[in-house]
There are 2 protein chains.
Amino acid sequence: AQLALEKDYETHRDYETRYRVIMEAARDALVLVDVTTGRIMDLNTAASQILGADAETLTGSSFTQEFEGRRRGEFVENLIVNAGDEGSGPVTAETKRGKKEVAIDPVLFRAAGDKTLLCRIEAAASAETVAAEVS
Amino acid sequence: AQLALEKDYETHRDYETRYRVIMEAARDALVLVDVTTGRIMDLNTAASQILGADAETLTGSSFTQEFEGRRRGEFVENLIVNAGDEGSGPVTAETKRGKKEVAIDPVLFRAAGDKTLLCRIEAAASAETVAAEVS
């Protein structure tokens, strides 16, 4: 049984590597949020650029705190409801550090017993940004 | 030690779930290729749509065989060289099933001792496609 478990362990280590490689290879900005604590479990470089701080600072901090005028319970609840609703558009918010308008597309899943939100964040092309790009 | 291993095992199961959720949430078409065998280890829905067959058919089949006029050793070797060369553009190829021009952006990594290529595939917007979209 020990040996079988070690073999499984090898296989699962493999998934950790795959997970890390894919997080960085994906061009989408991705953030994993622990639903119970509301804290950022992990995020990729694209996401830390949108939120405006490095991954070390952001990991373990409150996801809600990264957005303007949001209260934690409400914001996370909002994301959960949105994750379960196929027809709804993304949740929009403004980042606190860079005052950027973003759209958040959440997926809810359960890993090792804990509810987790995977949030794909996209910078919204606001009227201002478009104008700045055109001029 | 057994207990510690079991705890690790739980953590690693978590990564398998994260890996699967992110594969599907990413909008990039992603394929994992075993470098030794040249076979597709895993791919997401976006990738199976570009390659023109379902994931079940494609998993375990030769990655090279999905492209027109490519020889395995050479094609995989090409992707490995490209993965190591920051300055080079993506590898271009034509899918066998749908005759689609695609650009492949590979990343080489080692998981559980085996060399693996993560290939991000993008459908190239050919002149024909653009014309069709405009009309």
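Phi-derived couplings, Karplus 6.51 cos²θ - 1.76 cosθ + 1.60 at θ = phi - 60°, listed residue by residue for region A:113-119: x, 9, 6, 10, 10, 9, 10 Hz, with x used for Gly and Pro. Amide H contacts of B:Asp42: B:Leu32, each under 5 Å away and 5 or more positions distant or on a separate chain (H built 1.01 Å from N in the peptide plane; Pro and chain starts excluded). Using the Karplus relation 6.51 cos²θ - 1.76 cosθ + 1.60 with θ = phi - 60°, the per-residue 3J(HN,Hα) values for region B:93-103 come to 7, 10, 5, 6, 6, x, 6, 9, 6, 10, 10 Hz, with x marking Gly and Pro.
Spin-label pair B:Glu86-B:Arg110: with each label point 7 Å from Cα along the Cα-Cβ axis, the two points sit 2.1 nm from one another.
Rounded to 0.05, the FRET efficiency of the A:Thr57 and B:Glu77 pair, given R0 = 51 Å and the Cβ-Cβ distance, is 0.80. Our coupling estimate for region A:60-67, obtained by passing each phi through the Karplus curve with A = 6.51, B = -1.76, C = 1.60 and θ = phi - 60°, is x, 8, 6, 5, 4, 4, 7, 10 Hz, Gly and Pro reported as x. Counting charges near B:Ala25 (Lys, Arg +1; Asp, Glu -1) among other residues having Cβ under 12 Å from its Cβ returns a value of 0. For region B:29-98, the alpha carbon positions stretch 33, 22, 22 Å along the principal axes, listed from largest to smallest.
Distances, shortest first, from the label point of B:Gly113 to those at the same position in the other copies read 3.2 nm; the point lies 7 Å along Cα to C-beta.
Read the figures in this text as sums done on the coordinates, not as results from a lab. Quantities reported herein were computed from a predicted structural model and do not represent experimental measurements. Heads up, the Cβs are rebuilt from the backbone with ideal geometry, glycines too, and the neighbour counts pull from every protein chain shown.
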